[in-house]
Amino acid sequence: MKTVLKGITLLFALIMIGCGGKKEEKKDDGFSVQRKKVQTEQPAETNTTDQVKASERVDLTTKGVGPVKSVELAPEIDQSMAENGKKVYDQMCLACHRIGKKFIGPAPNGVLERRTPEWVMNMILNPQEMVQQDPLAKDLLQEFNGSPMSNQGLTEDQARAILEYFRTLE
């Protein structure tokens, strides 16, 4: 039995050596085909708004969608209102927004250099309609992985206080 097994193994090895070592020579009959790789995909057109993240885009004209149509900011920060705004922010907003860094939502510092006060307050007071109707809010929703801002049920006075607090962060 051992000799039969050795014989089969030797025969198999010879067949493998014999089949693997030959190279067939191709005959040149004067005909050849050269193929060129054709690019089927066109480069995507880029839009200038797509190049800048929504959280970094500056839009100081849009007021957003919601109850706030006009906000007057005094030249001086109202420190008492800002302190109240910090308390509300720490209680209601800190779970998703971190000062100085992107978290679940955008960082609030410098927001008034990029958005109107009305837009900020409408986003605080009316986030569902903002992400449905405001193009910038829609882009922010996409940038922040579809995490919508929840409506915290704040009053206009609370939203205004948070806005005043944001002025201290700039």
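The values are calculated or read from the model by the stated rules, or taken from the named source; none is laboratory data. Just so it is clear, the model here is predicted, and its values are computed rather than measured. Here Cβ is always computed from backbone atoms with ideal geometry, including for glycine, and neighbour counts include all displayed protein chains. Just the protein is used for accessible areas: all its heavy atoms, side chains included, with ligands, DNA and RNA removed. Shrake-Rupley method; radii C 1.70, N 1.55, O 1.52, S 1.80 Å.
Quick one: is residue 107 more than 19 Å from residue 168 (Cβ to Cβ) and either surrounded by 14 or more Cβ atoms within 10 Å (Cβ to Cβ) or of a type in the set (Gly, Ala, Ser) (or both)?
So residue 107 does not fit the description; no.
Based on this model, can you work out whether residue 94 counts as of a type in the set (A, V, I, L, M, F, W, C) and touching a residue at least 12 places away in the same chain (Cβ under 8 Å)? When the stated conditions are applied, residue 94 does not pass them.
Residue pairs whose Cβ atoms lie under 8 Å apart, separated by 6 or more positions or on different chains, with the first residue in the stretch 62-79 and free of Cβ contacts under 8 Å to residues at least 60 places away in the same chain and the second among the aromatic types (Phe, Trp, Tyr), are 63/119.
Kindly indicate whether residue 114 is within 19 Å of the chain's Cα centre (by Cα), touching a residue at least 24 places away in the same chain (Cβ under 8 Å) and open to solvent by less than 70 Å² (accessible area, probe 1.4 Å). Walk me through it before giving the result.
Values: within 19 Å of the chain's Cα centre (by Cα): yes; touching a residue at least 24 places away in the same chain (Cβ under 8 Å): yes; open to solvent by less than 70 Å² (accessible area, probe 1.4 Å): yes.
So residue 114 fits the description; yes.
Taking the criterion of being surrounded by fewer than 19 Cβ atoms within 10 Å (Cβ to Cβ) and more than 17 Å from the chain's Cα centre (by Cα), the residues of the stretch 128-166 that qualify are 128, 129, 132, 133, 150, 151, 152, 153, 154, 155, 156, 157. Looking only at residues in the stretch 52-83 that are in a helix (DSSP H, G or I) and in contact with a Phe, Trp or Tyr (Cβ under 9 Å, 6 or more places away or on another chain), the one that is farthest from residue 118 (Cα to Cα) is 83.
Filtering the stretch 60-83 to residues that are among the aliphatic types (A, V, I, L, M), within 18 Å of residue 140 (Cβ to Cβ) and buried (at least 16 other Cβ atoms within 10 Å of the Cβ) leaves 65, 68.
Of all residues in the stretch 89-100, none satisfies being in contact with a strand residue (DSSP E or B) (Cβ under 9 Å, 6 or more places away or on another chain), modelled with pLDDT of 95 or more and part of a helix (DSSP H, G or I). Of the helices (runs of 4 or more DSSP H) that lie entirely inside the stretch 107-164, not one contains 1 or more residues that are closer than 12 Å to residue 71 by Cβ and at pLDDT below 95. What about residue 86, is it in contact with a Ser or Thr (Cβ under 9 Å, 6 or more places away or on another chain), open to solvent by less than 100 Å² (accessible area, probe 1.4 Å), at pLDDT 95 or above and in a loop (DSSP other than H, G, I, E, B)? Criteria not met by residue 86. Can you find a residue in the stretch 93-104 that is under 14 Å from residue 152 (Cβ atoms), crowded, with 18+ Cβ neighbours inside 10 Å and not polar (S, T, N, Q)? Yes, that holds for at least one residue.
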